[in-house]
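Novice: After the structure tokens below, expect a handful of questions from me.
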Amino acid sequence: MKEAMLYEHIGRQTVRCRLCPHGCLIPEGRTGFCGVRKNLGGTLYALTYGKVASIAIDPIEKKPLYHFYPGTPILSLGTFGCNLRCKHCQNWEISHHDASENGEGLSELTPEQTIALAKKRGCDAIAWTYNEPSIWFEFILESARLAREAGLLTVMVTAGMINPPALKALLNHIDAYRLDVKGFTEAFYERLTGSPVLANVLENGIIAHEAGAHVEIVTNVIPNWNDSDEQLDGLSRWIVEHLGGDTPWHVTAYHPSNRVREPPTPASTLERAARIGRSNGLSYVYVGNIPGHRGQNTLCPSCEALLVDRVGFGIGENHILGGKCEFCGFAITSYRGPDLPYRHHTTPFPQYVL
Ligand SMILES: [Zn+2]
């Protein structure tokens, strides 16, 4: 088992984990709130190091990342455990796997094997996703460093609940930080996730942006929970002010789950969110989780030409060349991708399960 980083001894056999804002005080034999960091004999262990619960090759659009190497197949992996308890969680089974099993029965991969697998399968990028990667800290830190050395792009898909020093260590090796900002009040965060951690999440978005990572924001809009004009207005203003008006903001439809009993988000709500975001200065607001919706395409903010057309999780065409609109030359400043035309992907992109 791998000893955890970022903890301290409190008394004889108790430790305090310093990875995330919970700051769990963990007695001998117990795990923290996340369920994956366990104190055994006064030493904190990272139970999920190298344990993989889910692995697949996804199109990068599925993360979703829309301004980061469109059409790229990305090796995506996750483990179990989470440091939030979102009532609408779609991945409850892997996020809240019984930690008493200590990851038994899961596949094991070393960081070196992960990189070799990505290369073997023709992936140019790796994403840590599916469950919350912040609490897979030690494994991602090492894997991302090796991935960069091997010339791969690195992506975290995260709810952003982690202490800033830990995040900064990860960001030394992370290219894209896909961050959930679930709403814009602490009361909403507490109601949905069980933890009033909005301030921490926002701070981490700024840290990632200032570290030079590519940042895209996702907000799952739930009727009667976070769909008010006030929440959408506040959040979109915050993005413009702190991350820039060129930051992609994905407003996605919620689908009913076991513990949140609202109807699915209507397209009109997401269209309203997109209007609010644009009126506040966001150039790229995307409507997500509504198959075929036009709001998932990229339009040039200057000449309004269709730049990237998305079908399912694939892309049809891409008219961003050298970071500019091919038609009018407008710079798409938040776009990162190859300088060459990148138009030859199958649509829809097939999902390969490894
Ligand atoms: Zn244009």
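Read-outs throughout are calculated quantities, based only on the coordinates presented, and are distinct from any laboratory measurement. Please read all numbers here as calculations on a predicted model, not as lab measurements. Don't worry about glycine lacking a Cβ; one is built from the backbone with ideal geometry, like all the others, and counts go over all protein chains shown.
Novice: Pairs of lysines 8 or more apart, or on different chains, with alpha carbons under 25 Å: count those in the stretch 51-291, would you?
Specialist: Lysine pairs satisfying the spacing and distance rule in the stretch 51-291 number 16.
Novice: Kindly identify the stretch 51-291 as rounded, prolate or oblate by the Cα gyration tensor criterion: order the square roots of the eigenvalues as a ≥ b ≥ c, call it rounded if a/c is under 1.5, otherwise compare a/b with b/c, prolate if a/b is larger, else oblate. The partial results should precede the final answer.
Specialist: Numbers: a/c = 1.69, a/b = 1.37, b/c = 1.23.
Prolate, because a/c is 1.5 or more and a/b exceeds b/c.
Novice: With Kirkwood's inverse mean 1/r over C-alpha pairs for Rh, give me the Rg to Rh ratio of the stretch 174-227, two decimals please. Don't jump to the answer; show the numbers that get you there.
Specialist: On the way: Rg = 11.9 Å, Rh = 11.7 Å.
Ratio of gyration radius to Kirkwood radius: 1.02.
Novice: Turning to a different aspect of this structure: Determine ³J(HN,Hα), in whole Hz, for all residues of the stretch 304-310 in sequence, where each value follows from phi through the Karplus function 6.51 cos²θ - 1.76 cosθ + 1.60 and θ = phi - 60°; x replaces Gly and Pro.
Specialist: Here the 3J(HN,Hα) series is 6, 5, 6, 9, 10, 9, 10 Hz.
Novice: Considering Cα pairs under 8 angstrom that are at least six residues apart, work out the relative contact order of the stretch 1-142 and quote it in whole percent.
Specialist: Working: 262 pairs, mean separation 33.4, N = 142.
After rounding, I find 23 percent.
Novice: On to the next question. Determine the sum of side-chain charges near residue 271: Lys and Arg each +1, Asp and Glu each -1, restricted to other residues whose C-beta is under 14 angstrom from that of residue 271.
Specialist: Value of the local net charge: +2.
Novice: So what are the ³J(HN,Hα) numbers for the stretch 175-183, from phi and the Karplus equation (6.51, -1.76, 1.60; θ = phi - 60°), rounded to whole Hz, Gly and Pro as x?
Specialist: Each residue's phi maps through the Karplus curve to give 8, 9, 10, 9, 10, 6, 10, 6, x Hz.
Novice: Build a GNM of the chain with springs between Cα atoms under 10 Å: which of 112, 138, 190 gets the top mean-square fluctuation?
Specialist: 112
Novice: Right, here's the next one. Taking the chain as a Gaussian network, where each spring joins two C-alpha atoms under 10 Å apart, which residue of 163, 224, 297 fluctuates the most?
Specialist: 224
Novice: On to the next question. For the stretch 182-286, what class follows from the C-alpha gyration tensor (a ≥ b ≥ c being the square roots of its eigenvalues): rounded when a/c is under 1.5, otherwise prolate if a/b is larger than b/c, else oblate?
Specialist: Numbers: a/c = 1.98, a/b = 1.28, b/c = 1.54.
Oblate, because a/c is 1.5 or more while a/b does not exceed b/c.
Novice: So what's the net charge close to residue 74: Lys and Arg +1, Asp and Glu -1, counting the other residues with Cβ under 12 Å from its Cβ?
Specialist: Local charge sum for residue 74: 0.
Novice: What residue among 283, 268, 76 has the largest mean-square fluctuation in a Gaussian network model of the chain, using Cα springs under 10 Å?
Specialist: Evaluated over the chain, the most mobile residue of the options is 268.
Novice: Return the distance in nm (one decimal) between the two label points of a simple spin-label model at residue 187 and residue 211, each offset 7 Å from Cα along Cα→Cβ.
Specialist: The modelled label-to-label distance comes out at 3.3 nm.
Novice: Relative contact order for the stretch 2-46: what is it in percent, counting Cα pairs under 8 Å that are at least 6 residues apart? Mind dumping the intermediate values first?
Specialist: Values: 87 pairs, mean separation 15.8, N = 45.
Here the relative contact order equals 35 percent.
Novice: In a shell of Cβ-Cβ distance under 13 Å around residue 61, excluding residue 61 itself, what net charge do Lys and Arg (+1) and Asp and Glu (-1) give?
Specialist: Net of charged neighbours comes to +1.
Novice: Same structure again: Near the amide H of residue 131, under 5 Å away, which other amide H atoms are found, from residues 5 or more places off or on another chain, if H is placed in the peptide plane?
Specialist: Hits under the 5 Å cutoff: 79.
Novice: Given the convex hull over the Cα atoms of the stretch 2-46, what projected area results after averaging over all orientations, in nm²? Don't jump to the answer; show the numbers that get you there.
Specialist: Numbers: hull surface 10.0 nm².
Directional mean of the projected Cα hull area for the stretch 2-46 stands at 2.5 nm².
Novice: Considering Cα pairs under 8 angstrom that are at least six residues apart, work out the relative contact order of the chain and quote it in whole percent.
Specialist: Numbers: 774 pairs, mean separation 47.5, N = 354.
Reported relative contact order: 13 percent.
Novice: If we restrict to alpha carbons, what Rg and Dmax does the stretch 42-95 come to, in Å?
Specialist: According to the Cα coordinates of the stretch 42-95, Rg and Dmax are 14.3, 47 Å.
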